[in-house]
Amino acid sequence: RMIENFLTTEVWKQGLNTYLTANTNGTGTPEKLFSALVNNSKDATTIINTLEGWTTQPGYPLITVTSSQVGTTNITYVLSQMPYAQSNTSKCMWNVPIVYTSQKESQFDAAKAQTHWLYHSDNTTNTLTVDDNGWLIVNVDQIGFYRVNYDALNWNKLKTQLDSNFTQISNINRAQIIDDALHLARTGHLDYATAFGLTNYLTKETDLAPWNAFFVNMRFLINIYY
């Protein structure tokens with residue numbers, strides 16, 4: 001889903017068709033697939049590097065989003081990545097499509113939401129300025145294969161939104177917020193007070209996805225402590 005989204009569905013389907021047609025009676029390889037997907041692309045080298053990073057390295061990244069400059073109408077965020085739940089010696093880095101939406105936009109269709117790239121060569125960090133001083137949600141529609149952690153300011157804004165009008169955030173991203181927060185608390189990246197605070201609104205939740213995210217994480221805790 002992530003690769004299809006940043007390539008676009010049309011390019012993805014054309015690439016798969018080219019690959020399957022060319023290898024009908026032969027042996028397919030990842031390299032042949034990548035070549036078919038980037039056929040005639042001006043960014044072929046970057047795309048191939050991106051695909052190789054996601055298909056040859058173990059694990060996936062944790063994206064950390066921190067407010068660095070808060071203005072009256074915009075916020076500049078610092079984005080960083082690290083291998084998630086791996087050995088501290090892991091040096092894996094990825095080219096990550098940061099698909100995001102702001103409170104003002106509230107665009108929860110990943111194909112229409114904005115994308116900002118965090119490259120493995122960015123010395124682990126880069127910045128993103130959003131013309132909105134409300135909340136920010138990264139990984140719209142949970143389209144990307146990564147987890148997201150925010151600073152206290154943005155977590156609090158998301159909690160306020162969930163408590164006041166949770167339907168402004170899509171059901172998939174409500175589930176993502178709960179799942180990421182509880183998983184991050186489990187691995188020591190977020191305090192449990194913040195993580196459980198984000199679940200308070202569930203007394204009003206009627207969609208299955210957020211509840212499923214909650215129960216899956218609760219089952220893990222129950223198995224550990226009982």
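Since every read-out is calculated from the coordinates, none of them should be taken as a lab result. Every value quoted in this text rests on a predicted model; they were computed, and no experiment measured them. Backbone-built Cβ (ideal geometry, glycine too); neighbour counts: all protein chains shown.
General remarks:
- 18 Å Cα-Cα reach of K91 towards aspartates and glutamates, excluding residues that sit fewer than 8 places from it in its own chain: E52, D122
- Distance from the stretch 1-68 to the stretch 169-190 (C-alpha centre basis), Å: 27 Å
- In summary, the chain shows an alpha-carbon radius of gyration equal to 1.10 times the 2.2 N^0.38 Å reference for compact globular proteins.
- Simple spin-label estimate for K91 and N39 in nanometres, 7 Å along Cα-Cβ: 3.7 nm
- Bridgeable lysines around K157 (alpha carbons under 28 Å apart, same-chain partners fewer than 8 residues away excluded): K104, K112, K204.
- For the stretch 61-225, the residue among V78, A111, L198 whose Cα projects farthest onto the positive side of the dipole built from Cβ charges is L198.
- The loop-placed trypsin sites (Lys or Arg not before Pro) in the stretch 1-93, going by DSSP, that have at most 12 neighbouring Cβ atoms within 10 Å of their Cβ come out as R1, K42, K91.
- For Q114, the residues whose amide H sits under 5 Å from its own are Y100, ignoring neighbours fewer than 5 places away on the same chain, with H placed 1.01 Å from N.
- Between Q103 and G134, W135, the built amide H atoms are under 5 Å apart, and every one of these is 5 or more places off in sequence or on another chain.
- Theoretical FRET efficiency, 1/(1+(r/R0)^6), r = Cβ-Cβ of Q57 and T203, R0 45 Å, to 0.05: 0.65
- Per-residue ellipticity at 222 nm from helix content only, as computed over the chain with -39500 (n - 2.57) for each DSSP H run of at least four residues, stands at -13000 deg cm²/dmol.
- With the highest mean first, a sort of the peptides 168-176, 78-86 on other beta-carbon atoms found within 10 angstrom per residue produces 168-176, 78-86.
- By average C-beta atoms within 10 angstrom, highest first, the peptides 192-203, 140-151: 140-151, 192-203
- Alpha-carbon spread of the stretch 2-56, three principal axes, descending order, Å: 29, 25, 20
- Per-peptide packing, taken as the mean over residues of other Cβ atoms within 10 Å, places 126-135, 98-107 in the sequence 98-107, 126-135 from highest down.
- Placed amide H near V65: partners under 5 Å, 5+ positions off or other chain: N149, Y150, D151
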